[in-house]
Amino acid sequence: MRLIRIFKPPYLGEIVRIALLIRRAAAVGTFVFVVSAFTWTAPVHAQNASPAVRDVRIAAGPLSQTLISISNTFGVSILADGTLLADKQATAISGALTLDAALARALEGTDLAVSEARAGTYRVARTGPTEPADNPVQQQPTPPGDNETGDASIDEVVVFGVKQRQSVQDVEISAEIFNEERLAREQITELAELLLKVPNVTTTGGADANFSIRGIGRSGVGGAGQGVTSSVYVDGSPVTGLNFNRGPLGLWDVDQVEVLRGPQSSIQGRNALAGGIFVKTTDPTFETEGKIRATYAEGDTYQVAGAISSALIDGLLAGRIAVDAQGSNGFLKNSAVGNIDFNVTENLTIRTKLLLAPDGLPAFTSKLTVDVGASEVFGEDNLRVLTPSRLTDPNFTDFDPSARITARNELVGNDNDGLRVVSETAFDFSEAVTGRALLTYEDYSTRRTFGDENDVARFGAFTSNQFDETIISAETRLEFEFETVQGLVGAYFLEEERVSDRNTRGVLLDQARSVAGPLAPLISVTPPESLLILRNGETFTSENYAIFGQIDWQFAPNWTLGLGARYDVEDIAESDRFFSSGVDNPACGITAPAVIFGIPSPDPFAPVSLPCQLAVEQFFGPSTDPTVAADFSAFLPRMSLTYDVNERSSVFVSLSRGYRAGGAFVAVEQNPAVAGFVQFVGQYDPEFLDTFEIGTRNVLFDGRLVLNANAFLSTYEDQQVLVDGFDPARTDDDRIVNAGESTLYGLEISADFEIN
């Protein structure tokens, strides 16, 4: 008899690998352990009368592989005669299960049973008169909801973005799901690529990547969502807008990505009025496992990635480390500066995760994730031309943007660095009630440059923009699931700071002539290579508090009522440093017609000579640092009613309110006294999106076809819009106002058919 042992003993090679993993994690190991265990006060070896419950998610497949997965999840040995497992298949297993329940699901429909040989070791054998099963695991039918249809061909897909354990067929939210298998099959390596494959979602791509869901942009015209945005979450915690815009957000070693369409504000908060994106990375395992990937394609495009997971302390602590390196020379050449590669990228992400799950306290788990990322981008993957006028100007009717690239965009680079730490602690107070706490710290910075710092004259100017964004967030919630009622209640806090600093050095003569129009030939600068220095920027801070809840009540056999609400409060402050200006040479002088300086003269074209510093200050005005503060609050309800036609089909209606906070802005207007401009501060109110949806969920043809549909009608109230200022040709005088109403409507249908 050939005996298969489905649990690898700690051989020498495994010990070496664990030692190497511990060494790699040494830099954060002590801190990680302290942070992860901060809520754990019970002794490690305290006994719990209830059996250990684990979050089990195993796809349908060979029975042998399913038993290996169960062994890895629960940290036990399973012995089986290989001939007994040959050609046997197991259905998908999903849910919060004990070991006995998981084994029962795996062996359901077979002639096999399992018995405990000794502590921590189980034996699989055939049932029958000659070999009766001494099996503590009772064969039970699959409970409703774990495989929502009872069809073996349909795997349950859990939607993590709703913060409850619900399958995609149980929620009324329109969702597009990418599991690990789909990500690998479609070779999706970054979130920007994934968004291109989601219906009713559009994305700009490139270094300024943004996206819209159902036609509504993530950040809005005010850019408030460019900071931390509740619409993008990784492992349950918010991601900074700077990280999304500039970072690669790679999808290596990721279990699942969800794109939820429609307002998510009652659960997720501000800026999720159009939908949300949720990424779940792979957790550590107590059994040693690993994977690698290496790809190479044209344009010197490559990916080298690996991940390894193992127990660090048996029965207590497991660790996982994933490394992802990607790069490409792109597919564009810039002929204006020597035919160089114009879309060069290099990305590196290192993720370390620790899982604290003591055998003696099975109700407690704690995870700590540390993400370190760096990326460099030279050039752009889209071509732009900066013009002094909007392209709606009739002069630009026949303008071809692809014909050339302006000097400002000939050399553009991005240098990004980020650190992200997420701690998640959960405790099962009972089989029906779980407490959960999430803490997040993220710091992301970007240096974005235009031109050549060592050759300003060649491009006319050199600009260096520095952006820094930091967030701290905390969320606690209580999740419950009883026979007819499930839901959650929670509290949320977020503190954000976003600082930008823009510095430009340009040839003063070129800059002066660019705004002088037909009088440009009458301007001279001594010495001509003198540089104009401009600096401006802003600091944005925000504190966000919220309480929220959601309850789903099955008040009749086929009817479920869902009620949710969030009360959200946000305090913001914004300080804008406006045009700190000057020149690099104190001896610089500029000569120009009096009319350009705004100096009264009998002959407006008479030449006037001024020190460059005085002329610049007169034109741009004195440096200022205005500050504006505001606070906003909103009540965000959600309601749904679902009717289960049968076990495989349901219909529903829902009504939800989405929300984006208001904000402030600084703009310029013409100075009525002298030449140049003065600034003013404006404020705009929150905007709301009320969405009504009807839809259906269906599993047909014995589970081979999943057919879902959502029809929606949304009303946009107090919509934030950008309007022209005093001069339609300028952009720094634009302002943000709240408009009336807009209406959006549409239909989303998804069908998945398993041919064989």
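The values are calculated or read from the model by the stated rules, or taken from the named source; none is laboratory data. Quantities reported herein were computed from a predicted structural model and do not represent experimental measurements. Quick reminder, even Gly has a Cβ in these numbers, built from the backbone with ideal geometry, and neighbours come from all protein chains shown. The accessibility values were calculated without ligands, DNA or RNA, using every heavy atom of the protein model including side chains. Shrake-Rupley method; radii C 1.70, N 1.55, O 1.52, S 1.80 Å.
Couple of notes before you dig in:
- When residue 266 is tested against (1) under 22 Å from residue 421 (Cβ atoms); (2) among the hydroxyl-bearing types (Ser, Thr, Tyr); (3) touching a Pro at 6+ places or on another chain (Cβ under 9 Å), exactly one condition is not met: (1).
- First in the range 637-653 and on the phi < 0 side of the Ramachandran plot, second anywhere and open to solvent by 60 Å² or more (accessible area, probe 1.4 Å) and outside any strand (DSSP E or B), Cβ under 9 Å, 6 or more apart: 642/170; 644/557; 647/144; 647/150; 648/150; 650/170
- Subset of the range 430-474 [in a strand (DSSP E or B), free of Cβ contacts under 8 Å to residues at least 60 places away in the same chain and touching a Phe, Trp or Tyr at 6+ places or on another chain (Cβ under 6 Å)]: 433, 435, 463, 472, 474
- Here the range 489-504 is the region considered, the condition is being surrounded by 20 or more Cβ atoms within 10 Å (Cβ to Cβ) and among the charged types (D, E, K, R), and the residue that is farthest from residue 269 (Cα to Cα) is 498.
- Some residue of the range 492-506 being touching a residue at least 60 places away in the same chain (Cβ under 8 Å), out of contact with any Cys (no Cβ under 7 Å at 6 or more places or on another chain) and within 30 Å of residue 560 (Cβ to Cβ): yes
- Check on residue 678, farther than 18 Å from residue 261 by Cβ and either open to solvent by 40 Å² or more (accessible area, probe 1.4 Å) or in a loop (DSSP other than H, G, I, E, B) (or both): yes
- Among (1) at pLDDT 90 or above; (2) closer than 21 Å to residue 657 by Cβ, the one test that residue 591 misses: (2)
- Residues in the range 725-738 include none that are open to solvent by 30 Å² or more (accessible area, probe 1.4 Å) and under 27 Å from the mean Cα position of the chain (by Cα).
- Meeting the requirement of 1 or more residues that are modelled with pLDDT of 85 or more and closer than 30 Å to residue 180 by Cα, the helices (runs of 4 or more DSSP H) wholly within the range 19-128 are 63-74, 99-107.
- Hits in the range 559-578 (condition: modelled with pLDDT of 85 or more and among the basic types (Lys, Arg)): 566
- Scanning the range 533-556 turns up one or more residues that are closer than 30 Å to residue 164 by Cβ and touching a helix residue (DSSP H, G or I) at 6+ places or on another chain (Cβ under 7 Å).
- Residues of the range 608-627 satisfying the condition of being modelled with pLDDT of 80 or more and either within 30 Å of residue 268 (Cα to Cα) or open to solvent by less than 40 Å² (accessible area, probe 1.4 Å) (or both): 608, 610, 612, 615, 616
- Among (1) without any contact (Cβ under 8 Å) to a residue 60 or more places away in the chain; (2) in a loop (DSSP other than H, G, I, E, B) - the single one residue 619 does not satisfy: (2)
- Candidates 95, 61 - the one that is under 23 Å from residue 167 (Cα atoms) and surrounded by fewer than 19 Cβ atoms within 10 Å (Cβ to Cβ): 61
- Qualifying residue in the range 726-742 (condition: over 20 Å from residue 681 (Cβ atoms), part of a strand (DSSP E or B), out of contact with any helix residue (DSSP H, G or I) (no Cβ under 9 Å at 6 or more places or on another chain) and at pLDDT 85 or above): yes
- Index of the failed condition, residue 600 passing every other in (1) open to solvent by less than 60 Å² (accessible area, probe 1.4 Å); (2) free of Cβ contacts under 8 Å to residues at least 60 places away in the same chain; (3) out of contact with any strand residue (DSSP E or B) (no Cβ under 6 Å at 6 or more places or on another chain): (1)
- Verdict on residue 446 being open to solvent by less than 10 Å² (accessible area, probe 1.4 Å) and hydroxyl-bearing (Ser, Thr, Tyr): yes
- Residue 568 vs. criteria part of a strand (DSSP E or B), touching a helix residue (DSSP H, G or I) at 6+ places or on another chain (Cβ under 8 Å), touching a residue at least 12 places away in the same chain (Cβ under 8 Å) and open to solvent by less than 40 Å² (accessible area, probe 1.4 Å): yes
So that you can scan it fast, the table gives a plain yes or no per residue for (1) more than 20 Å from residue 449 (Cα to Cα); (2) in contact with a His (Cβ under 9 Å, 6 or more places away or on another chain); (3) at pLDDT below 90:
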{"residue": "333", "(1), (2), (3)": "no, no, yes"}
{"residue": "354", "(1), (2), (3)": "yes, no, no"}
{"residue": "374", "(1), (2), (3)": "no, no, no"}
{"residue": "380", "(1), (2), (3)": "no, no, yes"}
{"residue": "386", "(1), (2), (3)": "no, no, yes"}
{"residue": "397", "(1), (2), (3)": "yes, no, yes"}
{"residue": "402", "(1), (2), (3)": "yes, no, yes"}
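- Looking across the range 585-597, the residues that are aliphatic (A, V, I, L, M) and either crowded, with 16+ Cβ neighbours inside 10 Å or part of a strand (DSSP E or B) (or both) come down to 590, 592, 594, 595, 596.
- Qualifying residue in the range 704-722 (condition: among the charged types (D, E, K, R), over 19 Å from residue 263 (Cα atoms) and part of a strand (DSSP E or B)): no
- The range 190-234, residues that are modelled with pLDDT of 85 or more and either touching a helix residue (DSSP H, G or I) at 6+ places or on another chain (Cβ under 7 Å) or not hydrophobic (A, V, I, L, M, F, W, C) (or both): 190, 193, 197, 199, 200, 201, 202, 212, 214, 215, 232, 233
- On inspection, residue 240 passes the criterion of being in contact with an Asp or Glu (Cβ under 9 Å, 6 or more places away or on another chain) and not small (Gly, Ala, Ser).
- Sole residue being more than 16 Å from the chain's Cα centre (by Cα), hydrophobic (A, V, I, L, M, F, W, C) and open to solvent by less than 10 Å² (accessible area, probe 1.4 Å), chosen from 294, 272, 318: 318
- Here residue 346 meets each of (1) touching a Gly at 6+ places or on another chain (Cβ under 7 Å); (2) of a type outside the set (Lys, Arg); (3) open to solvent by less than 40 Å² (accessible area, probe 1.4 Å) with one exception, condition (3).
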